[in-house]
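**Q** Got a structure for you, questions after.
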Amino acid sequence: MSGDGLSMGFDIERLLVVDDEGPILHALQRTFEAAGYEVTACLDPAEALDRLKERPYQVLSADYMMPGMTGAEFLARARALQPETVRILITAAHDFSAAVDAINNGEIFRILAKPWNRVELLGTVRQAFDTYALREKNRQLTALVQKQNGELADLNKGLEKLVQERTTNLLDGMVAVLDYRDTETQWHSRRVSRFTRRIAEQLGISDERELRTIEMGSLLHDIGKIGVRDAVLLKPGPLDQEEWVEMREHPRLGWALLQRIEFLREASEIVLQHQERYDGSGYPAGLKGEAIVLGARLFAVADTYDAITSDRPYRRAQPHAAAVTEIQRVSGTQLDPRVVHAFCAVPEAEWVSIRGEVEQISLLEAQWGWTPPRRVFDLIHDAASKQKAARSDPPPPLDLAAIKA
């Protein structure tokens, strides 16, 4: 167990678990007790609130669907009782559309899906205890700021980085859920985020903070689809007018969600505007030209490229040359000509390499049964960047009629 937990006044690391299904609650309790934690298990969220009034806990986990109150409501009330406690939501995949409430009201640390992966579950709980200890230490050092100002500054930098990393992990998990929910576009968000960053670099953007904002906005572009019903999102045929109204709200929903997270507010503008078009024919605001933020204009080119060069149920992936031809055709109408020029200047081998990196991550995910940490993604990126040869054969010829359709 973490030494920090002991120094903060806890003789043992305590965890409160809430789930209304007895077998699941028992399984969670056994798993956490085997890892050395003191576990309080509650079937009823009201009982769990009483336990929170009796003694402090560093970490608590709750199921989403419970009688009497949802997991989101419980976490919000738990936050009022013990604001420092680190909160985890464990829920079935089909409940992720409601997880926005938990993020907005309960400020959760991480969402985990049922059935859970034991390694990921224990790893997340370990990170939660470590985060609690780090935050507690930060609070103590703040009281001594006059005497330990230098140490506090370093600690705050580490804490900010940790919070951003954990929030990114949370959102990466939500993006993964969206990709799995819509199997037609699985891993699309990850490819497009890398594609968009590469175009930005080609355009001359070198500031790491700006590049990170562009990459995160692109990664999270469809996060608002969490609020779109499955009947609309997964409908096999064309959407009717009422369904289109609901679908076209997803940029605003995504923007509103990310407004709650300070370091993603700039990225949220890309989410809000990712369906705008250079000629003003897009939505939700019908913005035109440079009134659209640069990140959204970069994303539009990357998204078009990925759509053409990826398999779809109605057609095979098309070759790079065909994608370039189509992107140049809509330059000045759908796409920003300056961004199109930057895209065309990047060698085909680099686009193939980026796609290959994401495919390797997908293979790891299939092998491990959960989304690998971002550091794994970065390791594969570093390794792939050292390879000079392209790693795939060209796809079949372009069917222009299918693309225009």
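**Q** Do we find a residue being open to solvent by 10 Å² or more (accessible area, probe 1.4 Å), under 16 Å from residue 306 (Cα atoms) and in a helix (DSSP H, G or I) anywhere in the stretch 223-242?
**A** no
**Q** Residue by residue through the stretch 325-340, note down the ones that are open to solvent by less than 30 Å² (accessible area, probe 1.4 Å) and in contact with a Phe, Trp or Tyr (Cβ under 8 Å, 6 or more places away or on another chain).
**A** Matches in the stretch 325-340: 327, 335, 336.
**Q** Could you list, in sequence order, all residues of the stretch 283-324 that are in contact with a helix residue (DSSP H, G or I) (Cβ under 8 Å, 6 or more places away or on another chain) and part of a loop (DSSP other than H, G, I, E, B)?
**A** Matches in the stretch 283-324: 283, 284, 285, 287, 292, 293, 310, 313, 314, 317, 318, 319.
**Q** Right, something else. Quickly run through the stretch 256-271 and pick out the residues that are buried (at least 20 other Cβ atoms within 10 Å of the Cβ) and under 16 Å from residue 196 (Cα atoms).
**A** 267, 268, 270, 271
**Q** Report the residue count in the stretch 160-197 for those that are more than 21 Å from residue 263 (Cα to Cα), surrounded by 20 or more Cβ atoms within 10 Å (Cβ to Cβ) and at pLDDT 70 or above.
**A** Selection size over the stretch 160-197: 3.
**Q** Sticking with this structure for a sec: Suppose we keep only residues that are open to solvent by less than 20 Å² (accessible area, probe 1.4 Å) and β-branched (Val, Ile, Thr) within the stretch 109-125. Which one would you say is modelled with the lowest pLDDT?
**A** Checked the stretch 109-125; the qualifying residue modelled with the lowest pLDDT is 111.
**Q** Would you check which residues across the stretch 274-324 are hydroxyl-bearing (Ser, Thr, Tyr) and within 14 Å of residue 192 (Cβ to Cβ) and list them?
**A** 304, 305, 309, 310
**Q** Something else now. Just to be sure I understand, how many residues within the stretch 243-255 are open to solvent by 10 Å² or more (accessible area, probe 1.4 Å) and part of a helix (DSSP H, G or I)?
**A** 8
**Q** Scan the stretch 327-342 and tell me whether some residue there is touching a Leu at 6+ places or on another chain (Cβ under 7 Å) and over 24 Å from residue 220 (Cα atoms).
**A** Within the stretch 327-342, none of the residues are touching a Leu at 6+ places or on another chain (Cβ under 7 Å) and over 24 Å from residue 220 (Cα atoms).
**Q** Can you name the residue in the stretch 325-336 that is in a helix (DSSP H, G or I) and either of a type in the set (Val, Ile, Thr) or free of Cβ contacts under 8 Å to residues at least 60 places away in the same chain (or both) and, of all such residues, is farthest from residue 191 (Cα to Cα)?
**A** Among residues in the stretch 325-336 that are in a helix (DSSP H, G or I) and either of a type in the set (Val, Ile, Thr) or free of Cβ contacts under 8 Å to residues at least 60 places away in the same chain (or both), the one farthest from residue 191 (Cα to Cα) is 329.
Conditions tested, residue by residue: (1) aliphatic (A, V, I, L, M); (2) within 18 Å of residue 188 (Cα to Cα).
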| site | (1), (2) |
| --- | --- |
| 208 | no, no |
| 223 | yes, yes |
| 226 | yes, yes |
| 230 | no, no |
| 243 | no, no |
| 256 | yes, no |
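**Q** Can you pull out the strands (runs of 3 or more DSSP E) entirely within the stretch 10-97 that have at least 3 residues that are open to solvent by 20 Å² or more (accessible area, probe 1.4 Å)?
**A** Of the strands (runs of 3 or more DSSP E) lying wholly inside the stretch 10-97, those with at least 3 residues that are open to solvent by 20 Å² or more (accessible area, probe 1.4 Å) span 38-42.
**Q** Look through the stretch 293-306, keep the residues that are of a type in the set (A, V, I, L, M) and farther than 14 Å from residue 343 by Cβ, and return whichever of them is surrounded by the most Cβ atoms within 10 Å (Cβ to Cβ).
**A** 296
The values are calculated or read from the model by the stated rules, or taken from the named source; none is laboratory data. Bear in mind the structure is a predicted one, so any value in this text is a computation, not a measurement. Reconstructed Cβ throughout: ideal geometry from the backbone, glycine too, with neighbour counts over all protein chains shown. These area figures cover heavy atoms from the full protein model, side chains too; ligands, DNA and RNA do not enter into them. Shrake-Rupley method; radii C 1.70, N 1.55, O 1.52, S 1.80 Å.
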